[in-house]
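The values are calculated or read from the model by the stated rules, or taken from the named source; none is laboratory data. Here the structure is a predicted model, which is why all the values come from computation and not from measurement. As a convention, Cβ positions derive from the backbone with ideal geometry for all residues, glycine included, and neighbour counts pool all protein chains shown.
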């Protein structure tokens, strides 16, 4: 706190206030108890301080840093209030307040609840913000009238709530008027802070204080908006959904091997996932490149040879086998969609193979 002189029943002849460098006291009333100040007493006002004399509730003389010998000559207002028209050397009573005018740093501010802004890209958004500021008493007499009054000790926490409310209110105004997209705010903290500082100053001047520094440390979006932005970023990084689906499938195989049901146990879920991935890939590809649909897949047939399954073979291969005689009309074949094996000659799509494989009759007279 301060150093003061307590002299029971004696006159005070030294008035001063020394304070620890790390305290948060903005104003301190010199404790004189019932003692009177001796005319000619020494007043010491240090750098970063202002001393104000108050007589019967009225502000009197103000002293800036320096050392003074209190006389009627340097107490003109108090002399008038006391009626010392022709000088006076007797002790007198007056309250002395020391106001700290130094800079107070690393003070915190923040939005107690989200503030609503209209973002030019995302529309209405609820955001939070916090940071630090520095302040000092710019007008000691106004500060004494508006804030300290008769408080013997006035600390920064006693004005912090009012400072925070003023800062948040003006910060909200600036953010709404700046029309800066949420994704661009990180690169414009200094710009927003300077605009907010100019908006805040008039309000605080009425209290006798001033912000010397104002910093924005963070402006944050709601968690659900952050998750949506993360998903959007992932989509931009992944690019090819087909490639992403193949990657997901490959990473799922080791997990399937550890599953008690094995790969078959999660096959249905994996199939659903692949189907969704394929649908998304197709939708994205279709919206990006509107082109012709893919060609239909060729029909493949399995062929029974000596009781064993061979194939599958496409139509050109089956035609070559029919031409070579290894595929006959009574050879059993099967393809997707058939309930059971059937003779090749009974399948409409394959009948043309055997018609071409049978040589035409020899003409008459031929050798």
Query raised in the report: Any idea which of 161, 129, 134 is part of a helix (DSSP H, G or I) and either out of contact with any strand residue (DSSP E or B) (no Cβ under 9 Å at 6 or more places or on another chain) or within 25 Å of residue 172 (Cα to Cα) (or both)?
Result: 161
Query raised in the report: What pairs can you find where one residue is in region 149-166 and in contact (Cβ under 8 Å) with a residue 12 or more places away in the chain, the other is assigned to a helix (DSSP H, G or I), and their Cβ atoms are less than 7 Å apart, with a gap of 6+ or different chains?
Result: 154/147; 154/148; 159/147; 166/200; 166/203; 166/204
**Report entry** Odd one out for residue 154, checked against (1) in a helix (DSSP H, G or I); (2) buried (at least 19 other Cβ atoms within 10 Å of the Cβ)
**Finding:** (1)
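Go through 183, 204 for me and flag whichever is out of contact with any helix residue (DSSP H, G or I) (no Cβ under 6 Å at 6 or more places or on another chain) and buried (at least 17 other Cβ atoms within 10 Å of the Cβ).
Numbers: 183 fails: buried (at least 17 other Cβ atoms within 10 Å of the Cβ).
It is 204.
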Requested in this report: Output the residues belonging to region 118-135 that are crowded, with 17+ Cβ neighbours inside 10 Å and within 19 Å of residue 194 (Cα to Cα).
Outcome: 129, 131, 133, 135
Query - Odd one out for residue 88, checked against (1) outside the structural domain of residue 149 (by TED's automatic domain parsing); (2) modelled with pLDDT of 85 or more; (3) surrounded by 15 or more Cβ atoms within 10 Å (Cβ to Cβ) - result: (2)
Query raised in the report: Which one of these does residue 57 not meet: (1) loosely packed, with under 13 Cβ neighbours inside 10 Å; (2) within 56 Å of the chain's Cα centre (by Cα); (3) under 17 Å from residue 40 (Cβ atoms)?
Result: (3)
Query - Complete set of residues in region 54-95 that are within 23 Å of residue 210 (Cα to Cα) and either touching a residue at least 40 places away in the same chain (Cβ under 8 Å) or out of contact with any strand residue (DSSP E or B) (no Cβ under 9 Å at 6 or more places or on another chain) (or both) - result: 59, 62
Requested in this report: Starting from residues that are touching a helix residue (DSSP H, G or I) at 6+ places or on another chain (Cβ under 9 Å) and outside any loop (DSSP other than H, G, I, E, B), keep the ones in region 62-81 and report whichever is nearest to residue 141 (Cα to Cα).
Outcome: 62
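Being assigned to a loop (DSSP other than H, G, I, E, B) and at pLDDT 90 or above is the filter here; which residues of region 23-61 pass it? I'd like the intermediate steps shown before the answer.
Within region 23-61, the first condition is being assigned to a loop (DSSP other than H, G, I, E, B), and the residues that meet it are 23-24, 30-36, 46-48, 56-57.
Those that are assigned to a loop (DSSP other than H, G, I, E, B) and at pLDDT 90 or above: 24, 30, 46, 47, 48.
For every residue, the table says whether it meets (1) at pLDDT below 60; (2) assigned to a helix (DSSP H, G or I); (3) out of contact with any helix residue (DSSP H, G or I) (no Cβ under 7 Å at 6 or more places or on another chain); (4) closer than 25 Å to residue 235 by Cα.
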{"site": "253", "(1), (2), (3), (4)": "no, yes, yes, yes"}
{"site": "260", "(1), (2), (3), (4)": "yes, no, yes, no"}
{"site": "296", "(1), (2), (3), (4)": "no, no, yes, no"}
{"site": "318", "(1), (2), (3), (4)": "no, yes, no, no"}
{"site": "337", "(1), (2), (3), (4)": "no, no, yes, no"}
{"site": "351", "(1), (2), (3), (4)": "no, yes, no, no"}
{"site": "362", "(1), (2), (3), (4)": "no, no, yes, no"}
{"site": "365", "(1), (2), (3), (4)": "no, no, yes, no"}
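I want to confirm something. Restricting to region 96-108 and keeping residues that are part of a strand (DSSP E or B) and without any contact (Cβ under 8 Å) to a residue 60 or more places away in the chain, which single residue is farthest from residue 39 (Cα to Cα)?
As a first pass, look at region 96-108 and keep what is part of a strand (DSSP E or B): 96-100, 104-108.
Then keep just the ones that are without any contact (Cβ under 8 Å) to a residue 60 or more places away in the chain; that gives 106-108.
Values: 106: 41, 107: 41, 108: 44 Å.
Applying the filter and picking the extreme gives 108.
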Requested in this report: Pull up region 5-22, narrow it to residues that are in a strand (DSSP E or B) and buried (at least 19 other Cβ atoms within 10 Å of the Cβ), then point me to the one that is modelled with the lowest pLDDT.
Outcome: 12
